[in-house]
Amino acid sequence: MRLGRTLPPAAAPVSLWAVANGLKGLMRGASEVRRFEGELKAYHGSDHVFLVSSGKACLYLILKALQRIHPDRREVVIPAYTCYSVPSAIRRAGLRVCLCDIDPGTLDFDHTCLERIFEERGHGLLAVMPTHLFGVPADVPAIRKLTDGTSVTAIEDAAQALGGSVRGQPLGTLGDVGFFSLGRGKAFTTVEGGVVLTSEGDLAAAITEELALFDGYTAPEFVGLCVQAVALALLMDPRLFWLPKALPFLKLGETHFDTDFSLKGMSGFQAGLARGWQKRLARAASARRRHSGAWAEALNGTDDLRQPEIPGPAGALLRYPLLVADSHCRQAILLESERLGLGVMTAYPEPLDRLPVLKPHTHSPDCPGALQVARQLVTLPVHPYVTGRDRQRILNVLLE
Ligand SMILES: Cc1ncc(COP(=O)(O)O)c(C=O)c1O
């Protein structure tokens, strides 16, 4: 077990002041949630915003609403390398998963594979999910070219991309509907939470009906949220992060396929915790942009470490992805980072076509790109707690 300075792989700072705002928000209840909704609408220029308990609850909500509109369509196309919460929500909604391979050079869909899926299975597809993995913008306009004139909905998985944009357009607003996660380790956190955005009136009406079936938080759950918020405020600091990291039952950074997640409307506590989010997000994004740019520059031209193509200048990524071709070298980097507390991590251990639990409910062509990424990926921290000295120490480990 490591004692001493330890970087979390990803972190959005939460202050005790924010926790106090959360408690005030708890008193204000629904009006605090409406305030947060209004601010998100104005920021993104979306007609409708819905606030719930997680990103997977967002996706479940969107899919149940879409099923009301297109009851004959049952398949959802997702990247074969993404967060396991995504297929969890699709299965919870009673739908089938259709995997599409990814391009290791962009971490986006392999567009040849996607076109083939549309040709062969287009009539049964309910939705396709371009995903901004680690905040790297996916090519949503290319997806919309495929979905235009069909009944397939483009759901933008912007879980990891709040505050990002391409050509001045906010991520999350490029598809027919989009969602963000406000979970721990995202660009901005309310302990747990999710935001759905859409300007499609019919879909918004169906989402409103589905959302009415969600629960609210109970009193013990409020206490749990409050304790977690205080823990985030105190323990994400690298001087103390070794402590939660040493507690295996917290399962930090782990992701599992699990359909048994809660479906709740967001509470006033979480909305209160988010007060001042635009300024806080902008401050954190400036650090993430600076570190992402520094990684891009420092690693430029290194033969064995391959950076993904990022459209435009390096934006405010959530983690900086890197492919390490040599598996011994990758293992050595991960072990040394663990020893020194540098926050270099893998992401999801296996591509989704290798999860036995999903097999019976999945259409899965060969996904060599997703397998390559699962075997070669490491991610570098870019959050506001990272210092120039941390970056130098990480670079020494990478280039050794
Ligand atoms: C790409 C992606 N989609 C969806 C989710 C689900 O979000 P949540 O953890 O808030 O349920 C995550 C969470 O990490 C994610 O990374």
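Every number in this text was worked out from the coordinates using simple rules, so none of it is lab data. The structure presented is a predicted model; accordingly, all values stated were derived computationally and were not measured. Cβ coordinates were reconstructed from backbone atoms using ideal geometry, including for glycine residues, and neighbour counts include every protein chain displayed.
Here the contact order of the range 16-211, divided by its residue count and restricted to Cα pairs under 8 Å and six or more residues apart, works out to 24 percent. Taking a straight line from the alpha carbon of Lys279, these aspartates and glutamates sit under 17 Å away, with near neighbours fewer than eight places off in the same chain left out: Glu37, Glu39.
Pairwise Cα distances in the range 16-211 exceed 24 Å in 36 percent of cases.
Ranking request for peptides 30-41, 216-227, 55-66: highest mean number of other beta-carbon atoms within 10 Å first, then the rest in descending order. Numbers along the way, then the final one.
Working: 30-41: 17.2, 216-227: 14.2, 55-66: 26.6.
For the peptides 30-41, 216-227, 55-66, the packing ranking is 55-66, 30-41, 216-227.
Kirkwood-type hydrodynamic radius, the range 1-123: 18.3 Å, calculated from all non-identical alpha-carbon pairs.
When the pairs Lys24/Lys264; Lys64/Lys145; Lys41/Lys186 are compared against a 22 Å limit on Cα-Cα distance, Lys64/Lys145 fall above it.
For the range 291-340, the Kirkwood hydrodynamic radius from C-alpha pairs, put into Stokes-Einstein at 37 °C and a viscosity of 0.692 mPa s, yields a diffusion coefficient of 272 µm² per second.
Looking at the range 16-211, what % of its DSSP beta bridges pair antiparallel, to the nearest 5? Each step should come with its number before you reach the end.
Working: 13 of 27 bridges.
Counting only bridges with both partners in the range 16-211, antiparallel ones make up about 50 percent.
How much of the DSSP beta bridge set in the chain is antiparallel, as a percent to the nearest 5? The partial results should precede the final answer.
Numbers: 22 of 39 bridges.
Within the chain, antiparallel bridges account for around 55 percent of the total.
Each principal axis of the chain carries a Cα extent, and these read 55, 52, 39 Å when sorted largest first.
Between amide H atoms placed 1.01 Å from N, distances below 5 Å from Val166 occur with Leu171, all of them 5 or more places distant or on a separate chain.
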